[in-house]
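Values in this text are rule-based calculations from the coordinates and carry no lab data. Remember, it's a predicted structure, so these values are computed and weren't measured experimentally. Cβ placement follows ideal geometry from the backbone for every residue including glycine, while neighbour counts extend to all protein chains displayed.
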Amino acid sequence: MAVTRPRLLTPGPVNLHPAALQALTRPQLHHRSPEAAALVRGLRARLAALLASRGEAVLLGGSGTAAMEAVVRALFRPAARVWVPVAGKFAERWVEIARAAGLEPQVTEHPWGAAVGPDDLPPGRIDGALLTHSETSTGVLHPVRSLAAAVRARAPEALVVVDAVTSFLVAELELESWGLDAAVSGSQKGAMSPPGLAFAWLAPRALERLRPSGYYLDLSRELAAQRQGQTAFTPPIQIVEAVHDVLEAAWPQGRDDLARHWAVKAEATARFYARGAELGLRPVPSREEARSPATAAFYLPRGWTSEALSAAFAERGWRVAGGQGPLKGRIFRVSAMGYFTRAELERAYNDFTAVLRRS
Ligand SMILES: *Cc1c(COP(=O)(O)O)cnc(C)c1O
């Protein structure tokens, strides 16, 4: 039975890539089979290569947050002082995860919509940093490379961890050459696959400092298993296969194919901002240079509630996202991070204008 659902203009989950849909139609694979081992090995290698890392990628059953928590617990000891610049919902999540693990997050607060800069590093001893690359709650891309440089200049041993959940595959990003020690992402964002698989990248410096922690989300246990093509527990193997197949289909040459994709996503997001400008909408990112290619975010125009706007988009077959935290009920977000045909995206731009022209 064919079910018609709104197409997703949300910044995760996103419309599935055809290779993901195809993977999901195959008979159930046993996770302790040679085929599964080949998928795990192949996916881990591709993930590391796509971030230009000589380190290793680890797969975890769970959403992106599982990888955030696993990495924090594997790399830092209780009472570690980690800088967390907060300018959005996902940076707040780093703070909560760090506190739950007994760390002492050194929080600096910044306006939501602003980009954090290297001068924002707080004074004092620092053991690490938990950064957010693409802050999906505000549509801001933070300059993690220069933030990492500031941290390392202060404390060469400090480990720099990046939330790359909506920048992986969507914005330029490299691990070691950018001074980053670990990164995390998930299957339901730029990888255009179903939710349920998280990725953690560990650069060589992080691999050296990895320690066992917890049980189900213990990265060292997973790493030991995954080096053998196994996983410690039953993985969401369909999603492993979906992501594997999407990466192979969309970027067969790995990073060599990515630059063009970044440009396509940046252009798609810029088109939404251009439409917004024509309609007089106010973008959430305070500066144009700070805009993330993963999502466009606008303040709700006068006369609209979040619910009314969602309903107007739904009538035309689209699901859009509202705001989170202090921006709840004040903004809306549209994203071209998922899979779209050209014609579909044109329809999205035109429907965007048609809905908001009524304001
Ligand atoms: C989606 C997202 C996450 C992870 O959210 P999950 O629901 O756990 O997958 C983390 N950080 C950012 C920036 C995100 O966009």
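Couple of notes before you dig in:
- For the range 1-104: rounded, prolate or oblate by the Cα gyration tensor [a/c cutoff 1.5]: oblate
- Exposure proxy order (Cβ contacts within 10 Å, fewest to most) of 89, 189, 328: 328, 89, 189
- Overall, the anisotropy analysis places the range 146-187 in the prolate class: the square-rooted eigenvalues a ≥ b ≥ c of its C-alpha gyration tensor yield a/c not less than 1.5, with a/b exceeding b/c.
- For the range 224-251, the residues whose backbone nitrogen is under 19 Å from a point 7 Å from the Cα of residue 177, taken along Cα to Cβ, are 251.
- Calculated P(r) tail over 35 Å for the chain, as whole % of Cα pairs: 22
- Here the residues 33, 63, 137, ranked from fewest to most Cβ neighbours within 10 Å of their Cβ, fall in the order 33, 63, 137.
- The charge dipole of the range 18-250, taken about its Cα centre with unit charges on the Cβ atoms of Lys, Arg (+1), Asp and Glu (-1) only, comes to about 500 debye.
- Each semi-axis of the equivalent ellipsoid for the range 224-359 is √(5λ) with λ an eigenvalue of the Cα gyration tensor; in descending order they amount to 34, 18, 15 Å.
- By the count of other C-beta atoms within 10 Å, a proxy for reagent exposure, 177, 185, 53, 306 are ordered fewest to most as 177, 306, 53, 185.
- Stretchable slack from residue 208 to residue 279, in nm (0.36 nm times residue separation minus alpha-carbon distance): 20.3 nm
- Only helices enter this figure: runs of n ≥ 4 DSSP H residues, each worth -39500 (n - 2.57), summed and divided by the residues of the chain, yield -12000 deg cm²/dmol at 222 nm to the nearest 500.
- Pair-distance distribution of the range 262-302: all C-alpha pairs, bin width 10 Å, starting at 0; shares per bin in whole percent are 31, 57, 11, 0.
- At full extension, residue 120 and residue 257 could sit 45.9 nm farther apart than now, given 0.36 nm per residue minus the alpha carbon distance.
- The trypsin sites (Lys or Arg not before Pro) found in the range 260-300 that occupy coil by DSSP, while having at most 11 further C-beta atoms within 10 Å, are 287.
- Restricting the trypsin sites (Lys or Arg not before Pro) of the range 16-78 to loop positions (DSSP other than H, G, I, E, B) with no more than 15 neighbouring Cβ atoms within 10 Å leaves 32, 54.
- Loop-located GluC sites (Glu not before Pro) in the range 77-166 whose Cβ has at most 15 other Cβ within 10 Å (DSSP): 157
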